[in-house]
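Notes follow the structure.
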Amino acid sequence: MYIEFGWIYHRCVHKYIRIMKGSIIASILGLIGSVTCVILLLHRASPGSVSDTTIRKLREEIERLKEQNKLLLSDFHRRDFDTNHTEDKIALQQPFSNSSNSTISRTGRSNRHVLKLAHSTRRSSHTCFGRTYNDDYWIENTCLYNNLVYDPATDIFTYVSASQAEATAVKTSGDLVVSTYPNGYGGSQKRVMSEGKLDPEVVSLQQFVKQHEGRSSVEVENVHVLYESYNAENFGHFLTDELLPVYSAMSAFRVVDTEVQLLRRQTVAKYIYSCDWQIANWGVKQKEKCDHNYKEFTFLLSPHPVAELRNYSRDLQLLFGNASDTSPFAAKLRVPTISQTTISSITSTPNTNVTGSLPSSTVPAPSSSAPARNTTKPAARGPLIVFRTLLSGAGMLADHCEDPTRHGRAMGAPGRDVHHTCNRNRQETLYSFREHTMRMAGVSTSAPTVNQVIIWDRHVDDYKSERKIYGLPELKARIEKEYGVRVILYEQWRGVSATKQIETMANSTVFITGIGSGSHIGWYLPRGGTMIRLSPAFGLHASHLEWHLFNYMPHFQVKYVTAKKGKFEEDHLMMLVRAALDRYTLFHHRD
């Protein structure tokens, strides 16, 4: 008896139709499931049991499903704004711009930030790790907050608990407090770190409703990470103190999001060596350097510019403000506010499964007495911002943690051990950061099939010219002549795009480099590669500078060479290069 089309359709295709009407991922899974099911049934069928008509109809049906899936994909990537959607593109403010002009795009195209208007309130929740029980425990704490509310008018975050008793318990536990700075030691800057820490107010749902009666709120779906900048004018620090902590937090909580929004929270007190501090103390030139790095390298984690928290929130307020606002989008969207009726019905049934979105304002700590009422009209204060997923707590997530090695300047000596555990057991994160940022840059993660050497030579007029290494062009010529491999020599990286830098390094197997910022591109060496680090080895320029990071990389070997006054012993370096070339060949061709 023939296996007919109708029976196979019922068993395989019809079964997945409802799945394919869901999200884009569900659509793809539905298509794969239906096609796989058909193949398995046909494979199990006896020869000659499937009619030509059945096969033809199945092929037609599969092609129809493929076309349907293409349309879904197309629609997913190209959704135009209309009056039925509360979504729009936001061109976020650049990190250190002082412009007060609105940064809302008037193009009406979606940038894939998912924004919703709230009609009710959600309760907050959190998951945190890393805290200790010292006085400054919050420096080591990292948290994921769900439904945390922010009020741009007061610069206060609010955590909404189900009851007063729960609010008191959460507040007294101290679990929510984190440092936004990527430094785990604090030192003389601990006061500044304390002023900039994230310590949300905690209130009951009933308190929250009373305080924000009549206000609307904007719910932001994408993952957001709140942190403070540290040495972002320097490429090496930008990778290790800006991007790595953000990726580490997302990876730890398994919420790695290619649409993540990075948020800086500026404070009045400026943390030493942050871009804000450098601009105030070293001049406007540092602003140019910081802006350049934000522009050139942020895309390695997100297509969206890093935004200052309050500016970003005010952009959202403008977009989703009341109909009386000057924004044409606000008038078109006719933004609703949270009605007293809706709020009353929620608070009168605390056991109800509440759905909707969050907000925040001047919310006091849990107290038996009712909070003071804000007499400003709700509409005038603008919508509250609800972060569905907000991460913060960068104190122990950069490359140095408490920095006992002083970025590798301290390396231990007889009777004076130096222990650095920050990057121990962190190899999966360090390598997956490499692969994730490569994919974001559109660079292949495949290992090169032939050896190639790359040399970084600091320019003699570099602002840290004491780190200049001499004789590298001659070394390049000798390697090419004696070992027959291609050698690429760069004098400074400026002018070379981030994608080109990463791609070139990923296709090289040996990296010969001086110490400092420019050497950090070596992170993108392939598995089995070798980094040979040349150091003048005096004062702050220690012979093993940055060993605290590179010695923990799981995918390449590190060798250190002393180059006093910038000069090295060439024969010794040639021996290291020969061994490095062999290492890569043997690593990938073990037969």
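The values are calculated or read from the model by the stated rules, or taken from the named source; none is laboratory data. Quick caveat: nothing in here was measured; it's all calculated off a predicted structure. Every residue, glycine among them, receives a Cβ derived from its backbone with ideal geometry; neighbour counts consider all protein chains shown. Just the protein is used for accessible areas: all its heavy atoms, side chains included, with ligands, DNA and RNA removed. Shrake-Rupley method; radii C 1.70, N 1.55, O 1.52, S 1.80 Å.
Worth a mention:
- Members of segment 174-214 found to be among the β-branched types (V, I, T) and part of a loop (DSSP other than H, G, I, E, B), listed by number: V177, T180
- Against the numbered list (1) surrounded by fewer than 20 Cβ atoms within 10 Å (Cβ to Cβ); (2) out of contact with any Pro (no Cβ under 8 Å at 6 or more places or on another chain); (3) more than 26 Å from R439 (Cα to Cα); (4) of a type outside the set (V, I, T), Y312 comes up short only at (1).
- Scope segment 301-330; condition part of a loop (DSSP other than H, G, I, E, B) and modelled with pLDDT of 90 or more; matching residues: L301, S302, P303, H304, P305, V306
- For segment 391-399, the criterion of being modelled with pLDDT under 85, among the hydrophobic types (A, V, I, L, M, F, W, C) and open to solvent by 20 Å² or more (accessible area, probe 1.4 Å) is met by none of the residues.
- Positions within segment 132-167 being among the hydroxyl-bearing types (S, T, Y) and out of contact with any strand residue (DSSP E or B) (no Cβ under 8 Å at 6 or more places or on another chain), in sequence order: T132, Y133, Y137, T154
- Among the residues of segment 125-168, those identified as within 26 Å of E219 (Cβ to Cβ), among the small types (G, A, S) and over 27 Å from the mean Cα position of the chain (by Cα) are S161, A162, S163, A167.
- Taking each residue of segment 459-470 that is under 15 Å from A537 (Cβ atoms) and open to solvent by 60 Å² or more (accessible area, probe 1.4 Å) and looking for partners that are at pLDDT below 75 and not in a loop (DSSP other than H, G, I, E, B) with beta-carbon atoms closer than 7 Å, six or more apart or interchain, yields E466/H541.
- Search result, residues across segment 502-528 that are open to solvent by 10 Å² or more (accessible area, probe 1.4 Å) and within 24 Å of the chain's Cα centre (by Cα): E503, T504, S517, H520, R527
- Some residue of segment 457-478 being of a type outside the set (D, E) and under 25 Å from M438 (Cα atoms): yes
- For segment 552-591, residues that are surrounded by 17 or more Cβ atoms within 10 Å (Cβ to Cβ), of a type in the set (S, T, Y) and not in a loop (DSSP other than H, G, I, E, B) total 2.
- Among the residues of segment 141-173, those that are open to solvent by less than 10 Å² (accessible area, probe 1.4 Å) and in a loop (DSSP other than H, G, I, E, B) comprise N141, P152.
- Unique residue being open to solvent by less than 30 Å² (accessible area, probe 1.4 Å) and over 13 Å from R458 (Cβ atoms) when the list is L549, L534: L549
- Residue that is nearest to R426 (Cα to Cα) [pool: residues in segment 220-247 that are crowded, with 22+ Cβ neighbours inside 10 Å and charged (D, E, K, R)]: D241
- Scanning segment 430-447 for residues that are surrounded by fewer than 16 Cβ atoms within 10 Å (Cβ to Cβ) and assigned to a helix (DSSP H, G or I) yields a count of 4.
- Picking from residues in segment 197-223 that are at pLDDT below 90, under 31 Å from the mean Cα position of the chain (by Cα) and of a type in the set (V, I, T), the one that is farthest from L390 (Cα to Cα) is V218.
- Test for G495: is it more than 20 Å from R527 (Cβ to Cβ), modelled with pLDDT of 95 or more, loosely packed, with under 14 Cβ neighbours inside 10 Å and among the small types (G, A, S): no
- Given (1) among the β-branched types (V, I, T); (2) out of contact with any Asp or Glu (no Cβ under 6 Å at 6 or more places or on another chain); (3) open to solvent by less than 20 Å² (accessible area, probe 1.4 Å), index of the condition V450 fails: (3)
- Leading residue by the ranking (surrounded by the fewest Cβ atoms within 10 Å (Cβ to Cβ)) among those in segment 107-128 that are modelled with pLDDT under 95 and in a strand (DSSP E or B): R109
- Test: residue in segment 476-488 that is part of a strand (DSSP E or B), touching a strand residue (DSSP E or B) at 6+ places or on another chain (Cβ under 8 Å), surrounded by fewer than 16 Cβ atoms within 10 Å (Cβ to Cβ) and not aliphatic (A, V, I, L, M): yes
- Among residues of segment 376-390, those that are over 22 Å from E140 (Cα atoms) and modelled with pLDDT of 70 or more, counted: 8
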